[in-house]
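Undergrad: My questions all concern the structure below.
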Amino acid sequence: MANSKIQVHPPAEKKTPWAWAIGTFFGAGLLQPGPGTYGSIAAVLLWYAAAHALHPAPAALAIGTTMAAIIATLIGIPAATIVARESGREDPGHVVIDEVAGQFFALIAIPADWRHALLSLLLFRAFDIAKPPPIRQFERLPAGTGIMLDDVAAGLFALAVAQLAHLYF
């Protein structure tokens, strides 16, 4: 989260309902403390529920998760831009669609069991919070693009580490 306390401009009097619904991931971003963790948990729970309700083959689960990650990213960029502008903040903490997208990327090739889901969640949150290079550099991109892409990068890092862990453990 880049400078979430810096006022960019005064908050808007009106809110764009669709952007706030998506940006806060239907209110998960309004939970305290740690709204980003709530957004990540919501993504894991959705993924886990879908995997166990639909029983897809591993390849189908990976394709569906990839599609969810891409859609969340593409819808999240304009939503995050609008919510940031209307909040008067550069990267407001209540915008968690970025964590949702990043978490979906982290889950792409993960076996559908609670141990792997928990590992994916922990790795994603660690990379999202620590933001090692080059993840932090994505925050510098403008508006919703920067809000979203640092979490996408964190998700891809988490996915890579989880895949290595799966190979060796």
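The values are calculated or read from the model by the stated rules, or taken from the named source; none is laboratory data. This structure is a prediction, so every number in the text was calculated from the model and none was measured. Methodologically, a virtual Cβ is constructed for each residue, glycine included, from the backbone with ideal geometry; neighbour enumeration extends over all protein chains shown.
Undergrad: Across region 102-116, what is the number of residues that are assigned to a helix (DSSP H, G or I) and over 15 Å from Phe169 (Cα atoms)?
TA: Step one: list which residues in region 102-116 are assigned to a helix (DSSP H, G or I), which gives 102-106, 114-116.
Retained after the next criterion (residues that are over 15 Å from Phe169 (Cα atoms)): 102-106, 114.
The total comes to 6.
Undergrad: Hey, does region 118-127 have a residue that's more than 13 Å from Trp47 (Cβ to Cβ) and at pLDDT below 95?
TA: No.
Undergrad: How do the pairs read when you match residues in region 144-164 that are under 17 Å from Pro111 (Cβ atoms) with residues anywhere that are surrounded by fewer than 22 Cβ atoms within 10 Å (Cβ to Cβ) and of a type in the set (Lys, Arg), using Cβ under 9 Å and keeping only pairs 6 or more apart or on different chains?
TA: Matching pairs, first to second residue: Ala158/Arg125.
Undergrad: Within region 104-145, track down each residue that is hydroxyl-bearing (Ser, Thr, Tyr) and either touching a Lys or Arg at 6+ places or on another chain (Cβ under 6 Å) or loosely packed, with under 14 Cβ neighbours inside 10 Å (or both).
TA: Keep residues of region 104-145 that are hydroxyl-bearing (Ser, Thr, Tyr), which gives 120, 145.
Hits for region 104-145: nothing passes.
Undergrad: A follow-up question, please. I'd like the full set of residues that are in contact with a Leu (Cβ under 9 Å, 6 or more places away or on another chain) and within 13 Å of Asp98 (Cα to Cα), limited to region 136-153.
TA: Initial filter on region 136-153 (in contact with a Leu (Cβ under 9 Å, 6 or more places away or on another chain)): 138-139, 141, 147-150.
Across region 136-153, the qualifying residues are Phe138, Glu139, Ile147, Met148, Leu149, Asp150.
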